[in-house]
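Engineer: For reference, the structure I am asking about is given below.
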Amino acid sequence: MYSWTDTLRFAFQPVVNLRTGAVAALEALARPESGDILAEARRDPELDGVLAVLALRAVARRETMLPLHLNVFAATLADLGGLTPLHDAVRAVGRLPWEVTLDIVPPCTHVPQRALLEAVAALREQGFRICADGIGEGDVPLRLLTDLSPDLVKLDASLLARPAAVRAMRTLCEELGALVAVEGVETEAQCAAAVAAGAQLAQGELFAPPARIPVADVYVPPRSPGSPAMPRSGPSVREFVRPAAILPTTASAGQVRALLTGSPDVSGVLLVDQVGRPVRSVHRSRFLLSMSGPYGHALYADRPARKLGDVPRTVGIHATAWEVLDVVAVGGSDRTSDDVAVVDEHGRCVGTVRLADLVRALAESRVEEAAGLNPLTRLPGSDAITGEVDRWIAGGRAFALSWLDIDHFKQVNDGAGFAAGDELIRSVGRALQQTVAGHARVGHIGGDDFLVLADEAVPVTLVASVLDAPWSVAGRPVTLSLATVVCAPGSVGDHRQAAAHLAPLKKAAKELSGASWVLGLAGLPGHEVRRGVPGAGSARVGYAAAEPGS
């Protein structure tokens, strides 16, 4: 008997990691030979649920190990209260729920939001990952997007023409702990714009069009030399996650060998328990070496693979690249090439990261950072510090932003020569670095001006060790001025607002005589004078020291 499923086919489009250039997942797209099945599914939740199951089975027939993206309308979830048949189908095809991301597709305006959120909560409990799809073209209310707290947000490529909107979404996603993807990328210019805006993932015709057979190789434009550097505090491990090759802990060595020999790009296999927690890590080279030795296959083929594995190295999904390197550094040198498993808050594996990807990205970060160092002090410039301020703001951290300069610095150059002035600037920079080493970021923003980003308590140490130190050159003392604005979470929206609050404090500090320190709170009027004498700022004199106490 004829069925509408007889003419239904599926195409697969890769989701690409913009940093590693690897395929991070596959999205299954319905391609009926006749009729508009998607329009019908939008009106019929039961049909939409069936489509999701059929898409899953179509992927399973291709025997791909990549994570999957399945589309489902928001109204379907609200109406059905979840997708029980899909959960059963996932188990039936031998996949795990956390390998499947559900792309929630608009419209959303007339969907009962409470029912939708309850359905999403139930799907999360089962282990499915959640993506908010069609942002920028759809009608997803901002409040609903926040309440959904998705693992991934897909932006329409049309938003790339409005970079401020993309940056705002990136900031929101950082707050929600979500990755940002851009879909519909067709040109290299759009790809570059997505990278510049901070998107971690993308898909579109540029990388690979939808195809009946999933592709493993995609085109990713080379990163331009001017691409923005990653934060010094370290890019998130989420940006480097690759799909993991996973087998149950009961797998035999023969099953692992079949997987590795059939997938030359797989560098290792993770053996996971029933809920997806890594139990053993099987490294490709060491495993195949054991199997290829004398009598190796006869000895091991039918034995549990876990006997040839190691304790897995794991990091949390919120770790930074630097933290991954710390994990790799622990243990024997023979395991430095092992993949590191990335686990969610429940300890379930969501993928792996490769050391080569991290080292490459961190090396690029160091090169970019070195290019921005001030040649006199070798301290980072204003871009590095203000970028760090924005990251602290996005992370909801309280902080103190301090500006420091040398009073009447021109008199040093005029009276003692520019060489003495340069040495003074270097000395102040060294003193700042030594005082706050490991506790703050120090930047040299030009001339005799410095910025210090730190926790609220650090400026007190700064004052005692640097501001109050006796500085002199050629027997003539000069002083330093310090202005600090303390920013509580939510008090400023970005580094520009923080700088705007700092500006009047700087002016107030310069109007004082002697070593001065003015402290203010962002969003509150007035300031407190911690050091300095009012009314005699213009009477300050002269030269400054090459070293404190000289």
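Readers should treat all values here as calculations from the given coordinates under stated rules, not as data from a laboratory. All values derive from a computational prediction rather than experimental measurement. No Cβ is skipped: glycine too gets one built from the backbone with ideal geometry, and neighbour counts run over all protein chains shown.
Engineer: For the stretch 144-154, just list the computed ³J(HN,Hα) in residue order, Karplus coefficients 6.51, -1.76 and 1.60, θ = phi - 60°, integers in Hz, with x standing in for Gly and Pro.
Structural biologist: 5, 4, 5, 5, 5, 6, x, 7, 8, 10, 9
Engineer: For the stretch 91-157, what ratio Rg/Rh do Cα atoms give with a Kirkwood hydrodynamic radius?
Structural biologist: Details: Rg = 12.4 Å, Rh = 12.5 Å.
When Rh is taken as the Kirkwood radius, the ratio is 0.99.
Engineer: Based on other C-beta atoms within 10 Å, arrange Thr461, Thr352, Thr336 from fewest to most.
Structural biologist: Thr336, Thr461, Thr352
Engineer: Quick one: which of 23-32, 477-486 comes out on top by average Cβ neighbours within 10 Å, and what's the full order, highest first?
Structural biologist: Details: 23-32: 20.8, 477-486: 23.5.
In decreasing order of mean packing, 23-32, 477-486 become 477-486, 23-32.
Engineer: To one decimal place, what orientation-averaged projected area in nm² is obtained for the convex hull of the Cα set of the stretch 4-224?
Structural biologist: 11.4 nm²
Engineer: Could I ask something else about it? Let me spell out the model: positive unit charges on the Cβ of Lys and Arg, negative unit charges on the Cβ of Asp and Glu, origin at the Cα centre of the chain. What dipole size does that give, in debye rounded to 20? Display every interim value, and only then the final one.
Structural biologist: Values: 52 positive and 61 negative charges, 234 e Å.
Around 1120 debye, computed over the chain.
Engineer: Restricting the count to DSSP beta bridges whose residues both fall in the chain, what percent are antiparallel, rounded to a multiple of 5?
Structural biologist: Around 60 percent antiparallel, to the nearest 5.
Engineer: Could you give the length gained by full extension between Arg143 and Phe418, i.e. 0.36 nm per residue of separation minus their alpha carbon distance, to one decimal place? Please report the intermediate quantities before stating the final value.
Structural biologist: Details: separation 275, 0.36 × 275 = 99.00 nm, distance 5.72 nm.
The Arg143-Phe418 span can extend by a further 93.3 nm.
Engineer: Can you compute 3J(HN,Hα) from phi for each residue in the stretch 81-96, using the Karplus curve 6.51 cos²θ - 1.76 cosθ + 1.60 with θ = phi - 60°, rounded to whole Hz and x for Gly and Pro?
Structural biologist: Values, residue by residue: x, x, 9, 4, x, 5, 4, 5, 5, 4, 5, 5, 8, x, 9, 10 Hz.
Engineer: Quote the convex hull volume per residue of the stretch 372-548, based on C-alpha atoms, as a whole number of Å³. Could you put the intermediate results ahead of the total?
Structural biologist: Working: hull volume 17.3 nm³, N = 177.
Each residue corresponds to 98 Å³ of Cα convex hull volume.
Engineer: Need one number: nm distance between label points at Arg430 and Ala164, each 7 Å from Cα along Cα→Cβ, rounded to one decimal.
Structural biologist: My value for the distance between the label points is 4.5 nm.
Engineer: For q = 0.11, 0.12 Å⁻¹, what log10 I(q)/I(0) does the stretch 419-496 give under the Debye formula with an equal point scatterer on each alpha carbon and no solvent?
Structural biologist: -0.32, -0.38
Engineer: Please enumerate, by chain and number, the aspartates and glutamates with C-alpha under 16 Å from the C-alpha of Lys507, excluding those fewer than 8 residues away in the same chain.
Structural biologist: Asp405, Asp407, Asp448, Asp449, Glu528
Engineer: Something else about it: Under 5 Å between amide hydrogens, which residues at least 5 positions from Ala22 or on another chain qualify, with H placed 1.01 Å from N in the peptide plane?
Structural biologist: Residues meeting the criterion, in which the H sits 1.01 Å from N, are Asn17.
Engineer: Output ³J(HN,Hα) for the stretch 442-449: one whole-Hz value per residue in order, computed from phi by the Karplus curve 6.51 cos²θ - 1.76 cosθ + 1.60 with θ = phi - 60°, and x for Gly and Pro.
Structural biologist: 10, x, 9, 9, x, x, 10, 9
Engineer: Next question, about the same structure. Could you work out [θ]222 nm for the chain from helices alone, using -39500 (n - 2.57) per DSSP H run of at least four and dividing by all its residues? Round to the nearest 500 deg cm²/dmol. Walk me through the intermediate numbers first.
Structural biologist: Values: 18 runs with 195 residues, N = 550.
The per-residue figure over the chain is -10500 deg cm²/dmol.
Engineer: Expressed as cubic angstrom per residue, what is the convex hull volume of the alpha carbon set of the chain? Numbers along the way, then the final one.
Structural biologist: Working: hull volume 94.8 nm³, N = 550.
Looking at the chain, the number lands at 172 Å³ per residue.
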